[in-house]
1. Looking only at the stretch 54-74, decide whether some residue is outside any loop (DSSP other than H, G, I, E, B), loosely packed, with under 10 Cβ neighbours inside 10 Å and under 24 Å from the mean Cα position of the chain (by Cα).
2. Can you tell me which residues in the stretch 19-41 are modelled with pLDDT of 85 or more and part of a loop (DSSP other than H, G, I, E, B)?
3. Does Lys26 meet the test of being exposed (fewer than 11 other Cβ atoms within 10 Å of the Cβ) and within 30 Å of Gly5 (Cβ to Cβ)?
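The values are calculated or read from the model by the stated rules, or taken from the named source; none is laboratory data. Computed from a prediction, not measured in an experiment: that's the story for all the values here. For neighbour counting, all protein chains shown are included, and Cβ atoms are generated from backbone atoms with ideal geometry for every residue, glycine included.
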Amino acid sequence: MIKMGAGNYQRGKLKDKKPTSATLCKHKDGNYYIHIQVKDDVPEPSDSESVIGVDLGRRDIAVTSDGYSWSGQDIHQVRDKFSRVRASLQKKASKGTRRIVDGWVMPILMVR
């Protein structure tokens, strides 16, 4: 017999529902988890007076219709750093580190 632990949230989601499928998975931590699919009705959308729109951009990562904005400067710095590193590594690549097969660049893995 296998002990099945479920929290109140999971019990509420399973209550009065008919499972349609289940998958038993072993995770990296060694524990087994069961993923259960249930059929449920789609809830009616709720009316709301407050609506927010978000514009995703490059300079400001997000700007809301309320006027709040989040700078994308930190993200730009990380993206630019990795772009420079990629460019540097591509320059250093010799012919022996890559092989072209039917027009595709295929990396060669060295196993020792």
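1. Of the stretch 54-74, the ones outside any loop (DSSP other than H, G, I, E, B) are 54-55, 60-64, 69-71, 73-74.
Of the ones still in play, those that are also loosely packed, with under 10 Cβ neighbours inside 10 Å are none.
No, there is no match, as no residue in the stretch 54-74 is outside any loop (DSSP other than H, G, I, E, B), loosely packed, with under 10 Cβ neighbours inside 10 Å and under 24 Å from the mean Cα position of the chain (by Cα).
2. Step one: list which residues in the stretch 19-41 are modelled with pLDDT of 85 or more, which gives 19-39.
Listed by number, the residues that qualify are His27, Lys28, Asp29, Gly30, Asn31, Lys39.
3. Working: exposed (fewer than 11 other Cβ atoms within 10 Å of the Cβ): yes; within 30 Å of Gly5 (Cβ to Cβ): yes.
So Lys26 fits the description; yes.
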